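What follows draws every value from the coordinates through simple rules; no lab data is involved. Bear in mind the structure is a predicted one, so any value in this text is a computation, not a measurement. Glycine gets a Cβ as well: all are built from the backbone with ideal geometry, and neighbour counts include every protein chain shown.
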Amino acid sequence: MKQTPLYGRHQALGAKIIDFGGWAMPVQYSGILDEHKTVRTAAGIFDVSHMGEVWFRGPRAAEAVQKLVTNDVAKLADGAAMYTCACRPTGGIVDDLIVYRQTGESFLIVVNASNVDKDYNWFVEQSGALCDVVNRSDEFALLAVQGPEAVAVVQSLADAPVAELKSFHWRSAGVAGVAAHVARTGYTGEDGFEIFCASGDAGKLWDALLEAGGKVGLKPIGLGARDTLRLEARLSLYGNDIDEEHTPHEAGLSWVVKGKGFIGEEALAKQKAEGVTRKLVGFVMKERGTARHGYNIVDESSKPIGVVTSGSLGPTVGVNIGLGYVPTALAQAGTRLQIDCRGKGAAAEVVNGPFYKRRS
Amino acid sequence: MSNDYPNDLRYTKEHEWARVEGNRVTVGITKFAVESLGDITQVDLPKEGEDLKKDAVFGTVESVKAVSDLFAPVSGKVVKVNDPLGDSPEYINEDCYDEGWMVQLEVKDAKELDALMNAEQYQAYLKEQESH
């Protein structure tokens with residue numbers, strides 16, 4: 001299994017380690033519920049160095065990126081970032097990404113760990129002739145600091161006013177003496193940063209953040225709580241909720257299909273005009289039972305009509321929640337669904353929007 | 001290690017424990033099971049008076065990450081259920097051998113108890129599983 005530069009620290013902290021897409025990653029330290037609460041009420045630090053970083057450089061970099069992503073790259077100013085999908089010509093989702101613009105000739109795309117090779121090959125194949133496309137995933141570590149105290153903790157160690165960064169903006173800054181890119185992005189539904197640094201500096205940065213954050217209750221957080229946090233915030237997980245079999249329109253991501261001249265544009269325009277036949281919905285369990293990835297959503301006669309893509313207890317909202325694909329006719333908020341929880345039917349209700357929204 | 005698997009209990013391959021007192025057997029899940037599951041969020045248990053069959057599923061335990069069946073270590077009638085677990089499943093995480101007990105059975109055939117592992121055998125079994 002591949003290890004991040006912080007693997008030894010996770011072991012020393014007593015983390016439970018799992019194989020996540022070929023990476024030995026911490027799934028929990030103190031426990032998922034405790035870690036989840038810590039991020040909602042104080043702050044948490046996550047090692048997400050397994051994620052991939054692909055850089056696009058050259059006079060035609062913007063064009064190269066736009067060809068690959070569904071969202072509108074022209075809208076990005078220097079120092080801005082956006083969430084987007086990359087699609088196949090069919091509209092199937094290759095990956096969901098964040099595109100960061102450094103300058104008009106330099107872009108960073110952060111990709112999911114399990115998709116690094118697939119994405120990089122796709123990017124080079126489609127856009128390699130337009131600019132330099134470089135997979136620098138192994139050079140970079142990525143730490144996320146998330147939660148109501150996160151901004152203050154990172155600012156206390158930074159040599160630039162990172163607290164002034166707006167959501168989905170980034171800049172370079174020294175943090176604890178480490179040269180870094182600091183981005184106001186995350187995957188938890190909380191405020192905070194994602195911090196890129198050289199792999200060799202990750203230990204120093206991690207130690208400094210843990211120490212500075214310790215006073216306000218910051219703790220290390222594993223992938224287990226990362227999953228419950230993102231699910232409550234209703235953020236999609238590639239491989240669970242979205243994949244090449246589904247399109248952004250079906251996944252409720254039409255809001256990132258705004259670009260022009262990207263791969264899959266035609267198929268997505270056609271699908272939008274005709275209307276989708278199935279939709280990813282959020283639901284809250286109304287009866288005892290936890291919906292889990294792969295469970296069937298069934299009709300009155302127990303016939304499968306859809307499938308659960310994510311589900312667990314929402315620790316902050318205090319109810320069992322989930323995501324799943326259903327026929328469009330059943331996607332309206334308030335619709336009753338029946339989930340087959342290991343042979344036992346349990347009622348659920350479709351809800352709009354995130355399950356959890358932080359008070360701003 | 002010995003505190004993790006008390007000597008006065010019997011154990012199953014499915015990671016339940018059984019405490020034998022006369023013809024009554026109290027059943028729960030072992031420390032190993034609890035640690036594998038992580039934070040437990042829900043338990044479904046049988047009702048008093050139900051008859052359980054050895055090795056048959058008698059309930060489920062759900063954690064944030066997983067769901068797992070509970071298997072009866074021996075056959076018997078349920079005479080007591082740890083009802084507080086309904087509202088406080090975390091007792092299982094906190095103290096799986098005491099407050100986290102699940103059901104108490106009136107044993108039908110005391111011989112079935114002989115087939116269960118003792119603490120030493122169970123720990124050897126865990127080691128063997130680990131090396132696989």
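Here are some notes:
- Between the range A:237-287 and the range A:39-88, the alpha-carbon centres lie 19 Å apart.
- When each of A:Lys270/B:Lys65; A:Lys303/B:Lys127; A:Lys219/A:Lys344; A:Lys16/A:Lys118; B:Lys65/B:Lys108; A:Lys286/B:Lys80 is checked by Cα-Cα distance, pairs over 32 Å: A:Lys270/B:Lys65; A:Lys303/B:Lys127; A:Lys219/A:Lys344; B:Lys65/B:Lys108
- Anisotropy class assigned to the range A:52-135 is rounded, per the alpha carbon gyration tensor with a/c under the 1.5 cut-off.
- Cα-based radius of gyration of the range A:1-106 once divided by 2.2 N^0.38 Å, which approximates compact folds: 1.38
- Pairwise label distance in nanometres, A:Ile18 with B:Glu50, each label 7 Å out on the Cα-Cβ vector: 2.8
- Cα centroid separation, the range B:101-132 to the range A:147-164: 53 Å.
- For chain B: rounded, prolate or oblate by the Cα gyration tensor [a/c cutoff 1.5]: oblate
- The slack between B:Glu21 and B:Val57, meaning 0.36 nm per residue of separation minus the straight C-alpha distance, is 10.7 nm.
- With R₀ fixed at 25 Å, the C-beta to C-beta distance from A:Val134 to A:Ala198 puts the FRET efficiency at about 0.95.
- Spin-label pair A:Gln332-A:Glu244: with each label point 7 Å from Cα along the Cα-Cβ axis, the two points sit 3.7 nm from one another.
- Where trypsin sites (Lys or Arg not before Pro) fall in DSSP loop in the range A:314-351, at most 15 other Cβ within 10 Å: A:Arg342
- Only alpha carbons enter this Debye calculation for chain A, each as an equal point scatterer, and the log10 of I(q)/I(0) it gives at q = 0.06, 0.09 Å⁻¹ is -0.22, -0.50.
- Amide H contacts of A:Phe140 (H built 1.01 Å from N, in plane; Pro and chain starts excluded): A:Ser199 sit under 5 Å, all sequence-distant by 5 or more or on other chains.
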